[in-house]
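Read the structure below first, then the notes.
All of the numbers you see were taken from the coordinates with simple rules; none came from a lab. All values reported here derive from a predicted model rather than from experimental measurement. Note: ideal-geometry Cβ built from the backbone for every residue, glycine included; neighbour counts use all protein chains shown.
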Amino acid sequence: MRIGELSRRSGVPVPTIKYYVREGLLPPGRLTSPNQALYDDGHERRLRLIRALLDVGGLPLSAIADVLAAVDDPAQPVHKVLGVAAKRIGPAEGDEEGPEMLDAREDVAALVERRGWRVEPDCAAGRSLAGVLAALHRAGHGGFVELLDLYADAAEPVARADLDYVGRRVAREDLVESVVVGTVLGEAMFAALRRLAHVDASARTYPDEGARG
């Protein structure tokens, strides 16, 4: 297909497609003349993945480039691809030190040991969690640390479900793409479900508040 049809099928404007090609996010089409190129279903699939990571996952293009580079590297183990995707999402790691951050790092290390998780507490996700706990403490909500195991109880079956979905993929391309989608877009889905559950829990806990308003 030509770039105009690729644009129509993917919903991505032609100038944006050309920009993605220039930036290395999308492989170039097969040249049929100096000014014409043909694209295939793989280009359409890659465009949809880019837009999903950008629009739903909220990743900047620089992060998407890192993730796609890992996806496209056949030497990368799937676990490593998952690590690259996980590193590029979630709250930014703060540079602030101080007693709150030191305590938060200890809380994260204790959680990892308590749960028997095979992960380094100082990995990107662990540092993000420590940053969140430190911010909560500074905001006067340090007691949130008491909920860590409840959150972990909810997170573990979700993580297993993500990997079960990934495990049903056979081709490596499908496998690594599923890892990325499950990590990035699954994060967005879980957050949205949590917000929906919050609204429901609030309505059940404070059923008369709306009637007074």
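Mean separation of Cα pairs under 8 Å and 6+ residues apart, divided by the residue count of the chain: what relative contact order is that in percent?
18
Quick one: if the Förster radius is 35 Å, what FRET efficiency do residue 155 and residue 1 give, using the C-beta to C-beta distance and rounding to 0.05? Before the final figure, lay out the partial values.
Details: r = 42 Å, r/R0 = 1.19.
Efficiency at R0 = 35 Å is approximately 0.25.
Relative to the longest principal Cα axis of the chain, at what angle does helix 172-205 sit, 0 to 90 degrees, rounded to 10?
Roughly 40 degrees, rounded to the nearest 10.
Take each of the peptides 150-159, 117-126, average the number of other beta-carbon atoms within 10 Å over its residues, and list them starting from the highest. Before the final figure, lay out each step's value.
Numbers: 150-159: 12.2, 117-126: 14.3.
Answer by packing, highest mean first, reads 117-126, 150-159.
Quickly rank 14-20, 182-188 as a protection proxy: mean count of other C-beta atoms within 10 Å, highest first.
Descending mean neighbour count gives 182-188, 14-20.
Using θ = phi - 60° and the Karplus curve 6.51 cos²θ - 1.76 cosθ + 1.60, what whole-Hz ³J(HN,Hα) does each residue of segment 111-126 get, with Gly and Pro shown as x?
4, 4, 5, 5, 7, x, 6, 8, 8, 7, x, 8, 6, 4, 5, x
Given points 7 Å out from each Cα along the Cα-Cβ axis, report the residue 54 to residue 109 separation in nanometres with one decimal.
For the pair residue 54/residue 109, the computed spacing is 4.2 nm.
Explain nothing, just the number: dipole magnitude of the chain about its Cα centre with +1 on each Lys and Arg Cβ and -1 on each Asp and Glu Cβ, in debye rounded to the nearest 20.
Values: 27 positive and 33 negative charges, 234 e Å.
Roughly 1120 debye for the chain.
For the chain, with the dipole built from +1 on Lys and Arg beta-carbon atoms and -1 on Asp and Glu ones, taken about the Cα centre, which of 148, 21, 123 lies farthest toward the positive end?
21
If you take the beta carbon distance between residue 66 and residue 202 as r and set R0 to 22 Å, what does 1/(1 + (r/R0)^6) give as a FRET efficiency, to the nearest 0.05? Could you put the intermediate results ahead of the total?
On the way: r = 38 Å, r/R0 = 1.72.
It comes out at approximately 0.05.
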